[in-house]
Amino acid sequence: MKILTGPITGKNQRSISMGNTVELIKKYLQPVYVETGCAMGDGIVKAMEAGAQRCYGIECNPEFVLHCQKKFEGEKNIKILPGKSEKHLLDVIEILNHKRERALIFLDAHKVGPCKLESYPLHIELRQLGMAKTNSHTIMIDDIRLFDGELQIKNRDVLRMIDEINPGYKMVYEDSNTNEKDVLVAYL
């Protein structure tokens, strides 16, 4: 496991906001973009702007699902899957592996705002990625500033789980659109 920069702390903690930008997606672009917790679909729009050929969005909030379905109606290269990420992620990964396609997988399935009593499925999502036959997808996780606290997951545990998926991953912390070093990217 090779960490290229350290996690952020203290003074860099600011407001909660979606971490990926068109520029960040372009930097790690793969033919397919998968986002857990796609909310209103803004990340999918950014991925398409960045050049993704196909997108999968997984969202459990029925209002957001309906919004995304309307927003992307008629877009044959965008699929919105209603439900929790742990219900759909492994199936999407298996589809990609069957087609021998690589993806940028943005893991962002958690409640926006105070999350202390909410389920944060990152450990389940990472386990599912580890179960896949192919483990060469690029993984992007934002809100790193909330690890070891509000999201109740340890940064070191996330790094260990990614290393178990593929020990060849290089990991780097990138700036989000609002916070320094708040997006963890694992890539080959």
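Taking the condition out of contact with any Pro (no Cβ under 6 Å at 6 or more places or on another chain) and outside any strand (DSSP E or B), does E73 pass? Yes: the conditions hold for E73.
For the range 85-99, does any single residue satisfy the condition of being among the hydrophobic types (A, V, I, L, M, F, W, C), surrounded by fewer than 18 Cβ atoms within 10 Å (Cβ to Cβ) and at pLDDT 90 or above? Looking for residues that are among the hydrophobic types (A, V, I, L, M, F, W, C), surrounded by fewer than 18 Cβ atoms within 10 Å (Cβ to Cβ) and at pLDDT 90 or above, one finds at least one in the range 85-99, hence yes.
Reported count of residues in the range 124-171, each being touching a strand residue (DSSP E or B) at 6+ places or on another chain (Cβ under 8 Å) and surrounded by fewer than 16 Cβ atoms within 10 Å (Cβ to Cβ), is 1. For H110, the conditions (1) touching a helix residue (DSSP H, G or I) at 6+ places or on another chain (Cβ under 6 Å); (2) surrounded by fewer than 23 Cβ atoms within 10 Å (Cβ to Cβ) all hold with the exception of (1). Residues that are in contact (Cβ under 8 Å) with a residue 12 or more places away in the chain, farther than 22 Å from D143 by Cα and out of contact with any strand residue (DSSP E or B) (no Cβ under 6 Å at 6 or more places or on another chain) within the range 49-84 comprise E49, G51, Q53, P62, H67, K71, P82, listed in sequence order. Of all the listed residues (L66, L81, L29, L104), the sole one being at pLDDT 90 or above and in a helix (DSSP H, G or I) is L66. Of all residues in the range 33-64, those being surrounded by fewer than 22 Cβ atoms within 10 Å (Cβ to Cβ) and either farther than 22 Å from K181 by Cα or touching a helix residue (DSSP H, G or I) at 6+ places or on another chain (Cβ under 6 Å) (or both) number 14.
Scan the range 172-183 for residues that are surrounded by fewer than 18 Cβ atoms within 10 Å (Cβ to Cβ) and at pLDDT below 95 and the total you get is 4.
Taken together, the residues in the range 108-129 that are outside any helix (DSSP H, G or I) and either over 15 Å from A186 (Cα atoms) or modelled with pLDDT of 95 or more (or both) amount to 13. Could you list all residues from the range 163-182 that are assigned to a helix (DSSP H, G or I) and either closer than 19 Å to D143 by Cα or among the charged types (D, E, K, R) (or both)? Hits for the range 163-182 are D163, E164. For residues in the range 135-162 being part of a loop (DSSP other than H, G, I, E, B) and among the acidic types (D, E), which is modelled with the lowest pLDDT? The qualifying residue modelled with the lowest pLDDT is E150. Filtering the range 146-188 to residues that are touching a Ser or Thr at 6+ places or on another chain (Cβ under 8 Å) and in contact (Cβ under 8 Å) with a residue 60 or more places away in the chain leaves V172, Y173, S176, N177, T178, N179, K181, D182, V183, V185, Y187.
The values are calculated or read from the model by the stated rules, or taken from the named source; none is laboratory data. The structure displayed is predicted, hence computed values, not measured ones. Neighbour counts are summed over all protein chains in view; Cβ atoms, including those assigned to glycine, are modelled from backbone coordinates with ideal geometry.
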